[in-house]
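Report on one structure; see the data block that follows.
The values are calculated or read from the model by the stated rules, or taken from the named source; none is laboratory data. This is a predicted model, so every value here is computed, not measured. In this analysis, Cβ positions are derived from the backbone assuming ideal geometry, glycine residues included, and neighbour counts consider all displayed protein chains.
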Amino acid sequence: MRQFLWILLLVSTLTIGCRTSAEDTPTPPERSVVVEWNRVALAAVRNGAPRPPVVSRFLFMLHSAMYDAWAMYDDTAVPTVLDPALKRPEREHTAENKQAAVSYAAYHILMEFYPDYERQTQAFSRLLGNLGYPVEFSADMATPAGVGQAAAQALLEARLDDGSNMLNNYADMTSTTYPLLYSPVNKPELFDEAFNPSRWQPLRVPTGQLRNSQGVPMADEAQANSYVDQRFLTPHWGAVRPFALTSGSQFRPAPPPRYGSDFLYTDALGQTMTNDEAFRLQFTEVLSYSANLTDEQKAIAEYWADGPRSETPPGHWNALAHGISYRDQHTLDEDVKLYFALNAALFDASIACWEAKRAYDFVRPQSAIRFLYQGEMVEAWGGPGQGTQLIRGETWRPYQELTFVTPPFAEYTSGHSTFSAAAAEVLTRFTGSNQFYDGVTVADEDYNNDGLLDMLGEYVVPVGHNRFEANTPAQVITLRWPTFQDAAYEAGISRLYGGIHIQDANIRGREAGELIGVQAYELAEMYWLGSED
């Protein structure tokens, strides 16, 4: 096989470090239909709620269905849910049949998950038509349309009782793993005698309906529409049936530090101290980042935030893979395999990460820092356009969108770190190299709207381009990732810059993600090599 950035498609190679005007771009070669369907899927994801576990499951099912449809026309590959005895005869193993079957599988999965998006945009039927295929419902396994529909239906049926509670919009549910529904220990905003500083606290998030004299969104208990109290997103996810994991707890890390405990704690860097010392040290580190944020760190926090109107971290890594597909001139067969393995790893990462979140139910920095420093004056980011200020500790906030201050689930471990490390492992193993930025590969996408084409493994932040804080950065910032692991590392540390995670949530999430990525890749590879029992 031949050999990331928020780019969508690469088109040429230029002299090292050179970028080119969008107007001077040569005609790009044809994308594989796998990338085409992934692109339209990510557009649908951006149109919905930012639910990382749910997105990871959707993308896994999409690309598993595409894989199974493809496998029916491959000489050696074994499908994941379809009966191998239904494989088509060798004379039908053509590129044309594979492309058609894969397209119909994608279409039917997308219609199941995002029917409203199709009604609004006709994006799925339009792509199907642009590829030369009519909207068709067929049970005839002698046709690619029938094979694609069968693959989609088989995946949907196989995952109907996988513990995700899809039919009830992924609401919390009981299981043998979780016999009780999740209930938070702490109440929103309160630091009363019942408050447990080590446990997750739902945040009271401003909606933007009420603002102070500086235009900053405020929450007023007397004005119900001014805020929303968080609810833990998909707390049951650790019990969802995985792809390669033996269970959601297979790679559960050691617990995070506990407030007030004198028992010894060894952190992810190997340093030993009491739990209470580690708790205070790691949250104080986040406060220190807040007080000393550089323009580059702000840009990093924003680029990787993946909050509202985004593909979320799993989708982000799918988008990064578009460029790898072009750079390495992937065939349809190669893209089917790459996206199958990538999304299997991301799906397992969601299960393992959420299992740890539910198991440890750990506090977020906003709650912990406000608790630790209530009644004190601290140096910290003062809000948009305010820079570093001396503020009351109980008013501290992360460097995030003011109406999406922190995701609605427990802190430990970091989803960004787990997802990113798993994805980096898959990309490295599939391509045979961890190289990302090469200094020459250029995209046909001007994602930052600066009039220049983006380079693979690089993102340029123009002056004043940051969303969370107007008029920053003051100078052009270039983010660059020589390797997939460099990108994964930056995705993890971005959550400390942004005030979302502590050190150990990042490092231990990354460690688990690496193991998850390797395991998922190896099982996926066994399927396409025909050696899966």
- line: Taking first residues from segment 512-530 that are aromatic (Phe, Trp, Tyr) and second residues anywhere that are crowded, with 22+ Cβ neighbours inside 10 Å, the pairs with Cβ under 6 Å that are 6 or more apart or on different chains are Tyr521/Ala341; Tyr521/Val426; Trp528/Ala77; Trp528/Lys337
statement: Of the listed residues (Thr483, Thr428, Thr472), the one being touching an Asp or Glu at 6+ places or on another chain (Cβ under 7 Å), surrounded by fewer than 24 Cβ atoms within 10 Å (Cβ to Cβ) and not hydrophobic (A, V, I, L, M, F, W, C) is Thr472
- prompt: So which pairs qualify, if the first residue must be in segment 453-474 and under 26 Å from Asp438 (Cα atoms), the second must be surrounded by fewer than 18 Cβ atoms within 10 Å (Cβ to Cβ) and among the aromatic types (Phe, Trp, Tyr), the Cβ gap must be under 7 Å, and the two must be at least 6 apart or on different chains?
  reply: Asp454/Tyr447
Residue selected from segment 462-507 under the condition more than 21 Å from the chain's Cα centre (by Cα) and among the hydrophobic types (A, V, I, L, M, F, W, C), by the criterion farthest from Pro314 (Cα to Cα): Ala474
- prompt: (1) surrounded by fewer than 24 Cβ atoms within 10 Å (Cβ to Cβ); (2) farther than 16 Å from Met66 by Cβ; (3) out of contact with any Ser or Thr (no Cβ under 7 Å at 6 or more places or on another chain): which one isn't true of Gln366, the others all being true?
  reply: (3)
message: Quick check on segment 114-125. Is at least one of its residues surrounded by fewer than 23 Cβ atoms within 10 Å (Cβ to Cβ), aliphatic (A, V, I, L, M), within 27 Å of the chain's Cα centre (by Cα) and under 21 Å from Arg31 (Cα atoms)?
response: yes
field: Residue that is nearest to Val34 (Cα to Cα), among those in segment 279-303 that are touching a strand residue (DSSP E or B) at 6+ places or on another chain (Cβ under 9 Å) and hydrophobic (A, V, I, L, M, F, W, C)
entry: Ile300
message: Let me spell it out: the conditions are (1) assigned to a loop (DSSP other than H, G, I, E, B); (2) in contact with a His (Cβ under 6 Å, 6 or more places away or on another chain), and Gln149 meets all of them except one. Which number is the exception?
response: (1)
message: Pairs please, first residue from segment 489-511 and within 13 Å of Val363 (Cα to Cα), second anywhere and in a helix (DSSP H, G or I) and of a type in the set (Phe, Trp, Tyr), Cβ atoms under 9 Å, 6+ apart in sequence or on different chains.
response: Gly499/Tyr289; Ile502/Phe279; Ile502/Phe283
message: Residues to consider are Ser198, Ser226, Ser175; find the one that is crowded, with 18+ Cβ neighbours inside 10 Å and either touching a His at 6+ places or on another chain (Cβ under 7 Å) or modelled with pLDDT under 95 (or both).
response: Ser226
Subset of segment 297-306 [in a helix (DSSP H, G or I), hydrophobic (A, V, I, L, M, F, W, C) and touching a helix residue (DSSP H, G or I) at 6+ places or on another chain (Cβ under 6 Å)]: Ile300, Ala301
query: From the list Asp333, Asp262, which residue is more than 30 Å from Leu479 (Cα to Cα) and assigned to a helix (DSSP H, G or I)?
result: Asp333
Among the candidates Ala380, Ala368, residue that is part of a helix (DSSP H, G or I) and of a type in the set (A, V, I, L, M, F, W, C): Ala368
- request: Have a look at Arg252, Arg309, Arg280, Arg231 and point out the one that is modelled with pLDDT under 95 and either of a type in the set (D, E, K, R) or part of a loop (DSSP other than H, G, I, E, B) (or both).
  value: Arg309
task: Determine if segment 176-196 includes at least one residue that is touching a Leu at 6+ places or on another chain (Cβ under 9 Å), among the charged types (D, E, K, R) and in a loop (DSSP other than H, G, I, E, B).
output: yes
query: In segment 508-533, what residues are surrounded by fewer than 19 Cβ atoms within 10 Å (Cβ to Cβ) and of a type in the set (Val, Ile, Thr)?
result: Val518
message: Any residue in segment 281-294 that is within 16 Å of Leu390 (Cα to Cα) sitting within a Cβ distance under 6 Å of a residue that is of a type in the set (S, T, N, Q)? List the pairs, counting only those 6 or more apart or interchain.
response: Ala291/Thr388
query: Taking Ala219 and the conditions (1) surrounded by fewer than 18 Cβ atoms within 10 Å (Cβ to Cβ); (2) of a type in the set (A, V, I, L, M); (3) more than 24 Å from the chain's Cα centre (by Cα); (4) under 14 Å from Val405 (Cα atoms), which numbered condition does it fall short on, given that it satisfies the others?
result: (1)
field: Residue under evaluation Glu157, criteria (1) loosely packed, with under 12 Cβ neighbours inside 10 Å; (2) under 20 Å from Glu36 (Cβ atoms), criterion not met
entry: (2)
- prompt: Can you pull out the residues in segment 180-195 that are within 17 Å of Trp354 (Cβ to Cβ) and exposed (fewer than 11 other Cβ atoms within 10 Å of the Cβ)?
  reply: Leu180, Ser183
statement: Gly385 meets each of (1) in a helix (DSSP H, G or I); (2) out of contact with any strand residue (DSSP E or B) (no Cβ under 8 Å at 6 or more places or on another chain) with one exception, condition (1)
task: Scan (1) in contact with a Phe, Trp or Tyr (Cβ under 6 Å, 6 or more places away or on another chain); (2) over 22 Å from Gly323 (Cα atoms) for the single condition Tyr67 breaks and write down its number.
output: (2)
field: Only one of His416, His465 that is buried (at least 23 other Cβ atoms within 10 Å of the Cβ) and on the phi < 0 side of the Ramachandran plot
entry: His416
query: Quick check: is even one residue across segment 202-210 surrounded by 12 or more Cβ atoms within 10 Å (Cβ to Cβ) and more than 26 Å from the chain's Cα centre (by Cα)?
result: yes
